[in-house]
Amino acid sequence: MRITFTICLLILCVITLCAREVNGDTLTVEGKKILKVWGTHDERGYAHGYLMGQQIREVALEYFLGGVFGNNPYYYEETRNYFLVHFLVEEKYQTEVSSMITGMVDAGVDIYSEVLERDLDGTDLFMANSVVDFVALNMYVDTYQFGCSSMSSWGQSTANDPELQGEPLITRNMDWTPNPVVLDNHLLMVQIPAEENELAWVAFTFSGLIGALSGINEAGISAFMNMGNINSYDDENQLHPVFLTIRNGLEQCDYNNDGNNDTSDIHAAVEDKLHLSASIIHAVDNDDALIIECNNTSGTVVRTVDHNQIICGTNLVATNHFRLLYPPVYCDRYQHFADSLSADSCMTIDRSWQVTTGAGGVSHNLHTIQFVPGSGLIKWSTAKPGHPAYTLPPTLFYLQDLLVPGSTTGDHLISGQELDIVVCPNPFGYSTSISFTLPSPQSVILSLYNIKGQLIRELAGNDIHDSRQCLSWDGRDAAGNRTGSGIYLYRLEIPGRLATGRIIKIN
């Protein structure tokens, strides 16, 4: 009996020593999975692996190895060796991916591959994150395609829309060959870094992919990657996965050190690295848009409305054919966009969705995404078996809601309209009021955070019993110090539900 007790105590001690705090949480909204991770790259990677380990395994082994490589270990290992020789990835991402593997193991996920006859490791996850980079090597199953199309509008083209009033928006089709694994693993991932020089951002992605195929950061900059049509290459030294390149531009604060967070940071990040396959990256900020065309042989060029030949108005369109880096060739989707804009170059939020899905919608459309930087509005449709994303109604989010930190386990994210939340004035200078109506008298917590996810102050506790409340914030933190200008996020929690929004402070 004494021996048994000693063994049990030893096991308990080992479990306690091995346990790590999981800086992450998951939430499902209208059937769409959201993963939120916060902290350092190590902490975010661990949370990703721990919370989504089985799904990461499926994407890496069943989709990438099994589907894209046809479960051919020879071609896969040849490509893996190529990656190890020719690609160079930053230490921060190596740490993140290594911690993902640790998180998977700690969560009890079997990481052994019968096909490869070994465990998955960090390089395998980097391989999956480089799925579009290897297109130039021609080792994939012939039936797999990577497409995409997008349209941005601003200025005179959106001036007549009362919701936009000249502000920009972008609508994007992400088109990959459907596979049961990716159809079951759509993921909206929210990254809230602890590093001082990094911005919070969201990615429309799949489990295990840590780069920015489709990404938006807290400054309202968005970047969406499309494949280019000419994959020539002659320089294979220190290649970089393009998804991680775009992540650099979105996540690193002011990448080009010009004092601004805007689309020029995406351009600088792309120009800073060498890529194997061709890319066409559509980027939008709070003012306008640009398209970055690049491949290994010819380098990088930026396309703006000044380069439009058949696109009318202040609109930009990207498909999978170069328009500036190489002489343009015919693309039926690009022509369909041009025809729609020739008939009417003016754009509204609804018409942008209709034109983009009508001109660019294809059977292998996995995501349709729309983003309005000014309001933070996001619309996201995801494909189901037999139903391309653009044919299905989107789920609406607001960027500021997604970036509210903390656990959401068991909570249902609701619109502020359901609680009649009013912030007035907003923006404010010295004080503002937050009023709301509870469906019935109950406990409530109202917290304020800065854009980095740090708790600033709690304005209410658990003793509210009247249904209608009006609370004032004097712009000070919990220590009584005045906060600076910027965007602040509120989080209103009642049992089983939460609502979020933003408050803008101007000193």
Review point. Only one of (1) without any contact (Cβ under 8 Å) to a residue 40 or more places away in the chain; (2) part of a loop (DSSP other than H, G, I, E, B) fails for M347. Which number is that?
Key: (1)
Practice item. Please state which one of I266, I246, I280 is buried (at least 24 other Cβ atoms within 10 Å of the Cβ), under 24 Å from the mean Cα position of the chain (by Cα), assigned to a strand (DSSP E or B) and not charged (D, E, K, R). Key: I280
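Going by the structure shown, is Y144 in contact with a strand residue (DSSP E or B) (Cβ under 9 Å, 6 or more places away or on another chain) and without any contact (Cβ under 8 Å) to a residue 24 or more places away in the chain? Explain how you work it out, then say what you get.
Values: in contact with a strand residue (DSSP E or B) (Cβ under 9 Å, 6 or more places away or on another chain): yes; without any contact (Cβ under 8 Å) to a residue 24 or more places away in the chain: no.
Spelling it out, it is not the case that Y144 is in contact with a strand residue (DSSP E or B) (Cβ under 9 Å, 6 or more places away or on another chain) and without any contact (Cβ under 8 Å) to a residue 24 or more places away in the chain.
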Review point. Within region 392-400, is there a residue that is over 23 Å from G501 (Cβ atoms) and not in a loop (DSSP other than H, G, I, E, B)?
Key: no
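Of all the strands (runs of 3 or more DSSP E) wholly in region 283-335, which have at least 2 residues that are closer than 25 Å to Q165 by Cβ? Lay out the reasoning, then the answer.
On the way: elements: 289-295, 299-303, 315-318.
Hits in region 283-335: 289-295, 315-318.
Of the residues that sit in region 1-58 and are of a type in the set (F, W, Y) and buried (at least 18 other Cβ atoms within 10 Å of the Cβ), which one is modelled with the lowest pLDDT? First the steps, then the outcome.
Taking region 1-58 as the starting set, the residues that turn out to be of a type in the set (F, W, Y) are 5, 38, 46, 50.
Those left that are additionally buried (at least 18 other Cβ atoms within 10 Å of the Cβ): 38, 46, 50.
On the way: W38: 92, Y46: 97, Y50: 97.
Filtering first and then ranking leaves W38.
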Check your understanding: For F87, are the conditions met, namely being of a type outside the set (D, E, K, R), more than 22 Å from V202 (Cα to Cα) and at pLDDT below 95?
Key -> no
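List the strands (runs of 3 or more DSSP E) inside region 409-507, counting only whole elements, that have at least 1 residues being modelled with pLDDT under 85 and among the aromatic types (F, W, Y). Give the steps one after another, and end with the answer.
On the way: elements: 422-424, 432-437, 445-450, 455-460, 468-473, 486-494, 497-505.
In region 409-507, 432-437, 445-450, 486-494 are the strands (runs of 3 or more DSSP E) which contain 1 or more residues that are modelled with pLDDT under 85 and among the aromatic types (F, W, Y).
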Practice item. Could you please let me know if W201 is at pLDDT 95 or above, out of contact with any helix residue (DSSP H, G or I) (no Cβ under 8 Å at 6 or more places or on another chain) and not polar (S, T, N, Q)? Key: no
Exercise for review: Write out, first by first residue and then by second, each pair whose Cβ atoms fall under 6 Å of each other, whose residues are 6+ apart or on separate chains, and whose first residue, in region 292-308, is free of Cβ contacts under 8 Å to residues at least 40 places away in the same chain while the second is among the β-branched types (V, I, T) and part of a loop (DSSP other than H, G, I, E, B).
Suggested key: V305/T314
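In the list T304, T319, T314, T348, which residue meets the criterion of being modelled with pLDDT of 95 or more, touching a strand residue (DSSP E or B) at 6+ places or on another chain (Cβ under 6 Å) and surrounded by 16 or more Cβ atoms within 10 Å (Cβ to Cβ)? Spell out how you get there, then give the answer.
Numbers: T304 fails: surrounded by 16 or more Cβ atoms within 10 Å (Cβ to Cβ); T314 fails: touching a strand residue (DSSP E or B) at 6+ places or on another chain (Cβ under 6 Å); T348 fails: touching a strand residue (DSSP E or B) at 6+ places or on another chain (Cβ under 6 Å).
Exactly one residue qualifies, and that residue is T319.
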Review point. Filter region 333-358 for residues that are of a type in the set (D, E) and over 28 Å from the mean Cα position of the chain (by Cα); which is farthest from S375 (Cα to Cα)?
Key: D339
Practice item. Kindly indicate the residue of region 369-389 that is under 18 Å from V181 (Cα atoms) and touching a residue at least 24 places away in the same chain (Cβ under 8 Å) and also surrounded by the most Cβ atoms within 10 Å (Cβ to Cβ) among those meeting that condition. Key: T382
Practice item. Could you please find all residues in region 59-88 being surrounded by 20 or more Cβ atoms within 10 Å (Cβ to Cβ) and part of a loop (DSSP other than H, G, I, E, B)? Key: F69
Practice item. Could you check G45 against (1) part of a helix (DSSP H, G or I); (2) under 17 Å from the mean Cα position of the chain (by Cα); (3) without any contact (Cβ under 8 Å) to a residue 12 or more places away in the chain and say which number it fails? Key: (3)
Check your understanding: Assuming Q156 fulfils every condition listed in (1) modelled with pLDDT under 95; (2) in a helix (DSSP H, G or I); (3) not aromatic (F, W, Y) apart from one, which condition is it?
Key -> (1)
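For every residue, the table says whether it meets (1) at pLDDT below 95; (2) more than 19 Å from N226 (Cβ to Cβ); (3) outside any helix (DSSP H, G or I); (4) not polar (S, T, N, Q).
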residue: Q94; (1), (2), (3), (4): no, yes, no, no
residue: V97; (1), (2), (3), (4): no, yes, no, yes
residue: M100; (1), (2), (3), (4): no, yes, no, yes
residue: F134; (1), (2), (3), (4): yes, no, no, yes
residue: Y140; (1), (2), (3), (4): yes, no, yes, yes
residue: T143; (1), (2), (3), (4): yes, yes, yes, no
residue: S150; (1), (2), (3), (4): no, no, yes, no
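One line per residue, one yes/no per condition, for (1) under 15 Å from the mean Cα position of the chain (by Cα); (2) part of a strand (DSSP E or B):
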{"residue": "L164", "(1), (2)": "no, no"}
{"residue": "D175", "(1), (2)": "no, yes"}
{"residue": "V182", "(1), (2)": "no, no"}
{"residue": "V190", "(1), (2)": "yes, yes"}
{"residue": "E195", "(1), (2)": "no, no"}
{"residue": "V202", "(1), (2)": "yes, yes"}
{"residue": "I210", "(1), (2)": "yes, no"}
{"residue": "G215", "(1), (2)": "yes, yes"}
{"residue": "Y233", "(1), (2)": "no, no"}
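The values are calculated or read from the model by the stated rules, or taken from the named source; none is laboratory data. Just so it is clear, the structure is predicted and the values come from calculations on it, not from any experiment. Glycine gets a Cβ as well: all are built from the backbone with ideal geometry, and neighbour counts include every protein chain shown.
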